There are 2 protein chains.
Amino acid sequence: MRADAQRNRDRIVETARQVFREQGYDASLDLIAKQAGVGPGTLYRHFPTRDDLIDAVMQAWVDHVEETTEKALAHEGGPRERLLHWFEEYVRLISVHKGGPAKITGAMGDDSSPIRSKCEVLQSAGGRVLDDLRAEGAVRDDVTPLQVARLVGGVATIADSSDLEVGTVRPMLEVIADGLLTDPR
Amino acid sequence: MRADAQRNRDRIVETARQVFREQGYDASLDLIAKQAGVGPGTLYRHFPTRDDLIDAVMQAWVDHVEETTEKALAHEGGPRERLLHWFEEYVRLISVHKGGPAKITGAMGDDSSPIRSKCEVLQSAGGRVLDDLRAEGAVRDDVTPLQVARLVGGVATIADSSDLEVGTVRPMLEVIADGLLTDPR
DNA sequence: TGCTAAACGGAGACAGTCTCCGTATTGTCG
DNA sequence: CGACAATACGGAGACTGTCTCCGTTTAGCA
């Protein structure tokens, strides 16, 4: 890639990161272009669709996901405690941007989604948490990680669109956790 | 209201019902106006916001909700069976139009939403199902009907945006149900 | 230094939302 | 019946966002 192209690409991604954080994923792309000091054409050449741009923006976020997963796996406590801890981290992770929960949860299980690769990190993270608990016989095994992701993602989506406080989701996550755990609470 | 105003209002609602069913709730309002044979100004005078129009369209749907609720309350079977039956009916009800689950679940608990009155029917219906089960001591009492609506609405929202088959949601609803029920399964 | 492939960027086509205001219709009252 | 408010209509157009085309510029190589 030519040097100027690389420079512009970087500026667009950096600008997009800020604008998305402030205004959500449906912010105007032309505005992002202008703010980055490039023409709309340049933005659209680098990122033909909105999702392609979101994908690029998420690169740093992916690292954060991986780090958080490690911590969640090492979390102390009983199965219920660990499961809930992961759920809360998960909601926090996908809610960093407005509209994020819907976007990410929607992309899961959709092989053709441009941001699918990014969701995979999350999905495998959830899979690991679940596998660990399953190995102890703590959670039922007739539910797939994808289904769990959709359950928790659904709650996060509603919380996001209704501007609910993060703490508000806890009781709902508990219901899901209790529905998944095998042993009596 | 003047006779011509009433006539136009009716035509707009009827047209909107069809267009929403075909294209979802984000269909173009100017197109609905044109299709109804009125100017955009007329549509916007009758319905200042999109939600106001959706509210009017939903009037017939409300009757359907009430009828379905009666049946669900009369449904035979154990607590788990009855709860799940209601969940499935609920998902079906809010998913009649594309985008419906997000729209309806988002409006719940939002006192200022124009479509709130319509959601109330659903909410009280859910409350009745839950109350009945609670009276038998079958479901935990530390979870509010609103939280249950959000849990189930979340699943419906994801299913709607991911174009999932209706049958696909059953396992997820089971998790929620099991998380709510008090007795061992 | 000159050339060419690569990249830029902005004008503008297109679509949707929503408003303003001149025009038309309704229904009432003398 | 006829006229005159009050009410309602509707479309032109302002505004915003998406996305493309193509004439112009620039990087990087020989």
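Remark: A:D160 matches the filter, which requires a residue to be more than 9 Å from chain B (Cβ to nearest Cβ), assigned to a helix (DSSP H, G or I) and at pLDDT below 95.
Between B:R116, B:R50, B:R92, B:R128, the distinction of being closer than 26 Å to B:L173 by Cα, more than 11 Å from the chain's Cα centre (by Cα) and not polar (S, T, N, Q) belongs to B:R128 only. The single condition among (1) assigned by TED's automatic domain parsing to the domain that holds A:Q123; (2) touching a residue at least 12 places away in the same chain (Cβ under 8 Å) that A:E70 does not satisfy is (2). Screening the candidates A:H64, A:H75, A:H97 for the property of being touching a His at 6+ places or on another chain (Cβ under 9 Å) and away from DNA strand C (no atom under 12 Å from the Cβ) yields one hit, A:H75.
Examine the stretch A:24-35 for a residue that is hydroxyl-bearing (S, T, Y), within 14 Å of chain B (Cβ to nearest Cβ), assigned to a loop (DSSP other than H, G, I, E, B) and away from DNA strand C (no atom under 12 Å from the Cβ), and state whether such a residue exists. There is at least one residue in the stretch A:24-35 that is hydroxyl-bearing (S, T, Y), within 14 Å of chain B (Cβ to nearest Cβ), assigned to a loop (DSSP other than H, G, I, E, B) and away from DNA strand C (no atom under 12 Å from the Cβ).
Within the bounds of the stretch A:3-12, is there any residue that is of a type in the set (A, V, I, L, M, F, W, C), near DNA strand C (Cβ under 7 Å from one of its atoms) and touching a His at 6+ places or on another chain (Cβ under 9 Å)? The answer is yes, given that some residue of the stretch A:3-12 is of a type in the set (A, V, I, L, M, F, W, C), near DNA strand C (Cβ under 7 Å from one of its atoms) and touching a His at 6+ places or on another chain (Cβ under 9 Å). Among the numbered conditions (1) within 14 Å of chain B (Cβ to nearest Cβ); (2) within 12 Å of DNA strand D (Cβ to nearest atom), the only one that A:A3 does not meet is (1).
The listed residues are B:D141, B:D132, and the only one of them that is more than 15 Å from B:S95 (Cα to Cα), in a helix (DSSP H, G or I) and modelled with pLDDT under 95 turns out to be B:D132. With respect to (1) surrounded by 12 or more Cβ atoms within 10 Å (Cβ to Cβ); (2) within 16 Å of DNA strand D (Cβ to nearest atom); (3) under 21 Å from the mean Cα position of the chain (by Cα), the lone exception for B:R11 is condition (3).
Restricted to the stretch B:27-51, and to residues there that are hydrophobic (A, V, I, L, M, F, W, C) and in contact (Cβ under 8 Å) with a residue 12 or more places away in the chain, the residue that is nearest to DNA strand D (Cβ to nearest atom) is B:V38. For the structure I just gave you, tell me whether A:E174 is closer than 14 Å to B:R150 by Cβ, surrounded by fewer than 21 Cβ atoms within 10 Å (Cβ to Cβ), modelled with pLDDT under 95 and more than 7 Å from chain B (Cβ to nearest Cβ). So A:E174 fails the test. Which one of these is surrounded by 15 or more Cβ atoms within 10 Å (Cβ to Cβ), within 18 Å of B:E165 (Cβ to Cβ) and modelled with pLDDT of 90 or more: A:Q123, A:Q147? Of A:Q123, A:Q147, the one residue that is surrounded by 15 or more Cβ atoms within 10 Å (Cβ to Cβ), within 18 Å of B:E165 (Cβ to Cβ) and modelled with pLDDT of 90 or more is A:Q147. Assess whether A:R92 counts as being assigned to a helix (DSSP H, G or I), of a type outside the set (S, T, Y), within 14 Å of chain B (Cβ to nearest Cβ) and under 24 Å from A:D178 (Cα atoms). It is false that A:R92 is assigned to a helix (DSSP H, G or I), of a type outside the set (S, T, Y), within 14 Å of chain B (Cβ to nearest Cβ) and under 24 Å from A:D178 (Cα atoms). Of the numbered criteria (1) touching a Leu at 6+ places or on another chain (Cβ under 9 Å); (2) within 16 Å of DNA strand D (Cβ to nearest atom), the one A:M108 fails is (2).
The values are calculated or read from the model by the stated rules, or taken from the named source; none is laboratory data. Since we're looking at a predicted model, the values are computed, not measured. Heads up, the Cβs are rebuilt from the backbone with ideal geometry, glycines too, and the neighbour counts pull from every protein chain shown.
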